[in-house]
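The values are calculated or read from the model by the stated rules, or taken from the named source; none is laboratory data. Because the structure is predicted, anything quoted here is derived from the model rather than measured. A quick note on method: Cβ atoms are made from the backbone with ideal geometry, for glycine too, and the neighbour counts reach across all protein chains shown. Note: areas computed on protein heavy atoms with side chains; ligands, DNA, RNA excluded. Shrake-Rupley method; radii C 1.70, N 1.55, O 1.52, S 1.80 Å.
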Amino acid sequence: MVPHLVMADTLIKANTADYLILAIYFCFVLGIGFMVKRNVSDSADFFLSGRSLPAWVTGLAFISANLGAVEIMGMSATGAEIGLPTTHYFWIGAIPAMLFLGVVMMPFYYGSKVRSVPEFMLRRFGKPAHLVNSLSFALAQLLIAGVNLYLLGSIVHALLGLPMGVTLVVAAAIVLSYITLGGLSAAIYNEVLQFFVIVASLLPLTLIGLHRVGGWKGMEDKITAAADAHPGVITPAHQQLDSWPGQALSGFDNSFWSVIGITFGLGFVLSFGYWTTNFVEVQRAMASESITAARKTPIIGAFPKMFVPFLTIVPGMIAAVLVTEIADLKAGGHPTGGASGDVKYNDAMLLLMRDVLPNGLLGLAITGLLAAFMAGMAANISAFNTVFSYDLYGDYLVKGKPDEHYLKVGRLATVAATVIAIFTASIAGSFSNVMDYLQTLFGFFNAPLFATFILGMFWKRMTPTAGWVGLVSGTIAAVTLWAGSKFGDWFTLPGQGLAFAAASTAFVVDIVLSVAVSMVTQPKPDKELVGLVYSETPKEMRTDPDEHTLPLFSRPLPLAGVALAMVVVLNAIF
Amino acid sequence: MAGHSAGAMDVRNVIGALLVVYGVILTGMGFMADKALDKTGNINANLIAGLALLLVGGGFLAWAKLKPIVIPDDYVPDPDAHPHGQ
């Protein structure tokens, strides 16, 4: 028999209607991109509707830019593995960090017109810190692009049944053509569309899943029964069904240290570091019409964001009791199937879709996932491209060439980054839960960055030398601790505790060394720090004179207060 | 001041159109295609989701219709504005 390109026995059986739904989405996305490019004469329509984008649109784009691999696959995988403590990523992690961004950092970003992290580093600390940061940023983007590509590949594999190696090449080709055809030219529009498609598919998935296991109570009973049947293998049920003290997440046996680890490691260092220095997302807020709208972007985004766990973590928990393979995996078995031959927690969401969604809704779900991972990877590649061609190549390797030269280099960098991502995707695929891997990466790169950033913003004495020394030493400390636990016999922490510990170490080492080095080196003169250090930035640059004219709950601070109160309630209930 | 509406560039119209198209497809599937009741636990999931999508999508279209974004005819774009990220 002639081997068929598409194998008969695929993980997910999509039919014509499913592919039609997928095709319509791509027509919309590419159509918008085309319209944006063609309407150069008409660009007023686009730019004005762009600039007057209301805060709900930029707020949704803000969380949608992040609602990709991390949220959907990582959270469902962790939810399947350890249950409700996963919600800390949202209720202790993301939400307080997003509110902090809106209340404290955003006025500063908007007023000082800093447009990227490397740009801030260059202006605040000069060339060495800029070079270090650009290099580590470019490397991080390549590694994270690999995570997105791996997850994109796992969907293509589930649909077409090709071997994973071939699948990754196919998925990379899809992303490259998406970028080439203009998929990034209307990122905010696409992200808002993506948000609705994802909610429209994950909400039915969760509701049908809950219906199948007998409601919330039925799910709790089944999780309890499974945990009782496999003591020592499955995390005890009470730890899975209560978010605090979250030992299963932090890996600490002691509940006091678990709470500290989660609050400081995850809540403060990792989440604040991620959300306040991630300009792929911060830029969404820059698109809004005023400083108040920019501040409200992450605050409004916090409202839908606090309910995302119900669409990502809960399906994972359902999958752990409803999907045979995941239940088997959790009980210590080695089921086969899934994206890489063996079933992993990463497959929880896809397998649940296979088991509960009829064709039609299945197509919608596939569309949402493909769109999210593709856009996520495209954003990584484009961020890499910008930093590589301007911050690295243009500033250090080949200076002073005409713009066309850098555009050409940029295009080559896009292709090169996509090829490299095929290799970094293989690293991501070796982790049973991509969330462990991502948090480890954030610990290496974002935690020291956050420390340097926040110290440099609020302490004008911090010197240029301290800028790069802090970054380098923080990253080295985190990598050393991680390697010591992974390959040496220093200590072991299950769950994501190692990532939290590495991040906290990076943060502390960075702060301590930055302060020490600052004491013995020369700071910059105050006048060069205007717009870069809080105390040197005039108040007019970071406040909105018209804010008091708005109704009370349209102002950033009261809105943030409401969001904070709601998160406290959610923490108390679950 | 004279002006015209943002039309297809209004993101609410784009969202509304996509959700309505999906709503039509899923509602149709709910009536005609295999309902896969063993998977959904005896619920016609496509039909319910399809109707919900029609409702939400229709809501967005109506919202854009009732409160259009008006662009002044003498508007000149600000070259520094980058509404779509990097």
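Of A:Lys344, A:Lys330, which residue is under 25 Å from A:Thr424 (Cα atoms) and away from chain B (no Cβ under 13 Å)?
Just one listed residue meets the conditions, A:Lys344.
Could you please let me know if B:Val76 is open to solvent by 60 Å² or more (accessible area, probe 1.4 Å) and at pLDDT below 80?
In short, yes.
Within segment A:143-160, is there a residue that is open to solvent by 20 Å² or more (accessible area, probe 1.4 Å) and within 19 Å of A:Val387 (Cβ to Cβ)?
So far as segment A:143-160 goes, yes, one or more of its residues are open to solvent by 20 Å² or more (accessible area, probe 1.4 Å) and within 19 Å of A:Val387 (Cβ to Cβ).
Would you point out the residue of segment A:385-396, among those that are within 11 Å of another protein chain (Cβ to nearest Cβ) and touching a Phe, Trp or Tyr at 6+ places or on another chain (Cβ under 9 Å), that is most open to solvent (accessible area, probe 1.4 Å)?
Looking at residues that are within 11 Å of another protein chain (Cβ to nearest Cβ) and touching a Phe, Trp or Tyr at 6+ places or on another chain (Cβ under 9 Å), I get A:Tyr390.
Filter segment A:164-213 for residues that are free of Cβ contacts under 8 Å to residues at least 12 places away in the same chain and in contact with a helix residue (DSSP H, G or I) (Cβ under 8 Å, 6 or more places away or on another chain) and give the result.
Across segment A:164-213, the qualifying residues are A:Phe196, A:His211.
With respect to the numbered conditions (1) under 17 Å from A:Val57 (Cα atoms); (2) within 14 Å of the chain's Cα centre (by Cα); (3) polar (S, T, N, Q), which one is the sole condition not fulfilled by A:Ser290?
(2)
Can you work out which of the residues in segment B:30-40 that are among the aliphatic types (A, V, I, L, M) and within 8 Å of chain A (Cβ to nearest Cβ) is surrounded by the most Cβ atoms within 10 Å (Cβ to Cβ)?
This residue is B:Ala36.
When you check A:Ser518 against the structure, is it touching a Leu at 6+ places or on another chain (Cβ under 8 Å) and polar (S, T, N, Q), yes or no?
Considered against the rule, which asks whether it is touching a Leu at 6+ places or on another chain (Cβ under 8 Å) and polar (S, T, N, Q), A:Ser518 comes out as no.
Which one of these is in contact (Cβ under 8 Å) with a residue 12 or more places away in the chain and more than 25 Å from A:Met377 (Cβ to Cβ): A:Leu455, A:Leu441?
After ruling out the rest, the residue left standing is A:Leu455.
Take the residues of segment A:123-135 that are of a type outside the set (D, E, K, R) and open to solvent by 30 Å² or more (accessible area, probe 1.4 Å): which is farthest from the chain's Cα centre (by Cα)?
It comes out as A:Pro128.
Among what's in segment A:74-118 and is touching a Phe, Trp or Tyr at 6+ places or on another chain (Cβ under 8 Å) and assigned to a loop (DSSP other than H, G, I, E, B), pick the residue that is surrounded by the most Cβ atoms within 10 Å (Cβ to Cβ).
A:Ser116
Got a sec? Which helices (runs of 4 or more DSSP H) wholly within segment A:230-323 have at least 3 residues that are open to solvent by less than 40 Å² (accessible area, probe 1.4 Å) and under 30 Å from B:Thr40 (Cβ atoms)?
Of the helices (runs of 4 or more DSSP H) lying wholly inside segment A:230-323, those with at least 3 residues that are open to solvent by less than 40 Å² (accessible area, probe 1.4 Å) and under 30 Å from B:Thr40 (Cβ atoms) span A:237-241, A:308-322.
Which of the helices (runs of 4 or more DSSP H) found entirely inside segment A:1-73 contain at least 3 residues meeting this: modelled with pLDDT under 80, at the interface with chain B (Cβ under 7 Å from one of its Cβ atoms) and buried (at least 17 other Cβ atoms within 10 Å of the Cβ)?
The helices (runs of 4 or more DSSP H) meeting that bar are A:43-51.
Would you confirm, using the coordinates I've provided, whether A:Ala226 is modelled with pLDDT of 80 or more, touching a helix residue (DSSP H, G or I) at 6+ places or on another chain (Cβ under 9 Å) and buried (at least 16 other Cβ atoms within 10 Å of the Cβ)?
Answer is yes for this residue.
Have a look at A:Thr292, A:Thr312 and point out the one that is closer than 30 Å to A:Phe26 by Cβ and among the hydroxyl-bearing types (Ser, Thr, Tyr).
A:Thr312
Between residues in segment A:347-368 that are within 20 Å of A:Ile24 (Cα to Cα) and touching a residue at least 12 places away in the same chain (Cβ under 8 Å) and residues that are assigned to a helix (DSSP H, G or I) and of a type in the set (Phe, Trp, Tyr), which pairs lie under 6 Å by C-beta distance while being six or more apart or on different chains?
Listed pairs, sorted by first residue: A:Thr367/A:Tyr25.
Find the residue count for segment A:363-419, including only residues that are more than 16 Å from A:His130 (Cβ to Cβ) and charged (D, E, K, R).
Here the count works out to 5.
Restricting to segment B:41-61, and then to whatever is among the hydrophobic types (A, V, I, L, M, F, W, C) and more than 12 Å from B:Leu19 (Cβ to Cβ), can you tell me which residue is least open to solvent (accessible area, probe 1.4 Å)?
B:Ala45
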